[in-house]
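The values are calculated or read from the model by the stated rules, or taken from the named source; none is laboratory data. Every value quoted in this text rests on a predicted model; they were computed, and no experiment measured them. Backbone-built Cβ (ideal geometry, glycine too); neighbour counts: all protein chains shown.
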């Protein structure tokens with residue numbers, strides 16, 4: 001492959017990586033824009049709590065089920081928080097690399113590989129949490145949850 005073609009390809013890939021490498025991607029400021037403004041993290045956590053409470057109400061979870069779900073969520077928090085922090089660090093490194101004058105292809109590949117591995121770990125961790133929660137639900141509640149998820153995906157697939 002010609003050098004000019006390689007440079008163009010790498011530049012294009014790097015530019016798209018930088019555009020997608022938002023270090024604040026995991027937070028939501030609540031006003032339609034992403035960002036880590038004052039109190040954004042605590043607002044996100046409150047929203048998550050309200051979401052879980054609404055979900056528990058809709059599924060008509062018993063007190064024991066609510067306690068079990070809360071236990072599952074609390075147990076998974078440290079691992080998921082650690083993975084999210086590693087992803088933020090990775091995005092920051094990608095952004096800094098993209099702003100440097102000379103691009104190190106090997107470093108870009110390493111960061112991209114790390115990002116993929118972290119994403120895979122996060123998907124597996126979240127899947128385990130969902131599965132543990134599913135074990136707490138009755139068959140009827142599992143079906144209700146499946147239907148709610150389908151409606152959610154249908155509304156938000158845009």
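Quick notes
- Residue check for residue 84: free of Cβ contacts under 8 Å to residues at least 60 places away in the same chain and part of a helix (DSSP H, G or I): yes
- The range 45-63: number of residues that are closer than 21 Å to residue 152 by Cα and either free of Cβ contacts under 8 Å to residues at least 40 places away in the same chain or within 18 Å of the chain's Cα centre (by Cα) (or both): 12
- Residue in the range 36-49 that is modelled with pLDDT under 85, in contact with a strand residue (DSSP E or B) (Cβ under 7 Å, 6 or more places away or on another chain) and either within 30 Å of residue 140 (Cα to Cα) or not in a helix (DSSP H, G or I) (or both) present: yes
- Exactly one residue among 91, 66 is touching a residue at least 12 places away in the same chain (Cβ under 8 Å) and either in contact with a helix residue (DSSP H, G or I) (Cβ under 7 Å, 6 or more places away or on another chain) or surrounded by 13 or more Cβ atoms within 10 Å (Cβ to Cβ) (or both), and that residue is 91.
Residue by residue, here is whether (1) assigned to a helix (DSSP H, G or I); (2) within 14 Å of the chain's Cα centre (by Cα); (3) closer than 19 Å to residue 57 by Cβ; (4) modelled with pLDDT of 90 or more holds:
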| site | (1), (2), (3), (4) |
| --- | --- |
| 101 | no, no, no, no |
| 112 | yes, no, no, yes |
| 120 | yes, yes, no, yes |
| 126 | yes, yes, no, yes |
| 129 | yes, yes, no, yes |
| 140 | yes, no, yes, yes |
| 143 | yes, no, yes, yes |
| 147 | yes, no, yes, yes |
